[in-house]
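S.K.: So that we are looking at the same thing, I have put the structure below in structure tokens.
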Amino acid sequence: MAMVGGNQVHNVFVYGSLLADDVVRALLSRIPQSSPAILNGHHRFSIKGRVYPAILPVENKEVTGKVLQGITDLELYILDEFEDVEYERVTVDVSLMESSNKSQAFAYVWSDKNDPNLYGEWDFEEWKRTQMSDFAKMSAEFRKDLELPESKTRIATCESYYQQDGSDSPLAP
């Protein structure tokens, strides 16, 4: 794994699979402190053929999630690799629900603003019931592979994990 220099800490707004402590622990080997938050001016979409969501700017909409606090440079690198090319890391302003204060954080926004596979609204509770266990296992496999000289992307790890356990891939068209 390429080492990332610097000792900065970052805030990251999460709204999908990273709301699950099991997934965060699989990737970062810890559960960072977090605060419930709202990202205004965005919508959380389901994605056809995927088990995870996407957010994009949409007027008069909001996304509830949480801000992971104290994310190190190395952890941010891990999250960047996990989110892969499907997402773009951007700086957003979020409202912290416990204090009503505004805060800046990174968020991973869907790269393809015109993706015809985006629809409706993604449901975290449904995902927790039906997908979280397998997704956390796949995330742990991704994290382990990330340390290899020729690591796989999250998309490739996801595809091979679901093929290996005989499940339908959440990336099926």
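The values are calculated or read from the model by the stated rules, or taken from the named source; none is laboratory data. Note that the coordinates shown come from a computational prediction; the quantities given were computed from them, not determined experimentally. Every residue, glycine among them, receives a Cβ derived from its backbone with ideal geometry; neighbour counts consider all protein chains shown. All accessible areas refer to the heavy atoms of the entire protein, side chains included, with ligands and DNA or RNA removed. Shrake-Rupley method; radii C 1.70, N 1.55, O 1.52, S 1.80 Å.
S.K.: In the full protein assembly as shown, how much of THR130 is accessible to a 1.4 Å probe, in Å² to the nearest 10?
M.R.: Counting only protein heavy atoms, the figure is 80 Å².
S.K.: Do the alpha carbons of any pairs in LYS61/LYS137; LYS48/LYS144; LYS48/LYS128 sit beyond 21 Å of each other, and which pairs? Provide the component values of the computation, followed by the final result.
M.R.: Values: LYS61/LYS137 32 Å; LYS48/LYS144 28 Å; LYS48/LYS128 18 Å.
Cα-Cα > 21 Å for LYS61/LYS137; LYS48/LYS144; rest within.
S.K.: What list of ³J(HN,Hα) values in whole Hz, one per residue of the stretch 43-50 in order, does the Karplus curve 6.51 cos²θ - 1.76 cosθ + 1.60 (θ = phi - 60°) give from phi, with Gly and Pro shown as x?
M.R.: Per-residue couplings from phi come out as 10, 9, 9, 7, 10, 3, x, 10 Hz.
S.K.: Here is a follow-up. If Lys and Arg each add +1 and Asp and Glu each add -1, what is the summed charge of the other residues whose beta carbon sits under 12 Å from the beta carbon of SER34?
M.R.: Working: positive: ARG30, LYS66; negative: ASP21, GLU98.
Result for the local shell: 0.
S.K.: Given R₀ = 35 Å, FRET efficiency for ASP80-LYS102 by Cβ-Cβ distance, to 0.05?
M.R.: Working: r = 24 Å, r/R0 = 0.69.
E between ASP80 and LYS102, to the nearest 0.05, is 0.90.
S.K.: Shape call for the stretch 64-112 from the C-alpha gyration tensor, a ≥ b ≥ c root eigenvalues: rounded (a/c under 1.5), prolate (a/b greater than b/c) or oblate? If you can, show how the numbers build up before the last one.
M.R.: On the way: a/c = 2.73, a/b = 1.55, b/c = 1.76.
Oblate, because a/c is 1.5 or more while a/b does not exceed b/c.
S.K.: Tell me the per residue accessible area of the stretch 54-148 using a 1.4 Å probe; a whole number in Å² is fine.
M.R.: Numbers: 5080 Å² over 95 residues.
I get 53 Å² per residue for this part.
S.K.: Shifting gears a bit: Going 7 Å from the Cα of ASP93 toward and past its Cβ, which residues in the stretch 36-79 have a backbone nitrogen under 14 Å from where you end up?
M.R.: Once the point is set 7 Å along Cα→Cβ of ASP93, 38-42 turn out to lie under 14 Å by backbone N, inside the stretch 36-79.
S.K.: Enter the accessible area of TYR108 (Å², nearest 10), with the probe set to 1.4 Å and all protein chains included.
M.R.: Approximately 10 Å² of TYR108 is accessible to the 1.4 Å probe.
S.K.: Taking N as the number of residues in the stretch 1-121, what is its Cα Rg relative to 2.2 N^0.38 Å?
M.R.: Details: Rg = 14.0 Å, N = 121, 2.2 N^0.38 = 13.6 Å.
Cα Rg divided by the expected 2.2 N^0.38 Å: 1.03.
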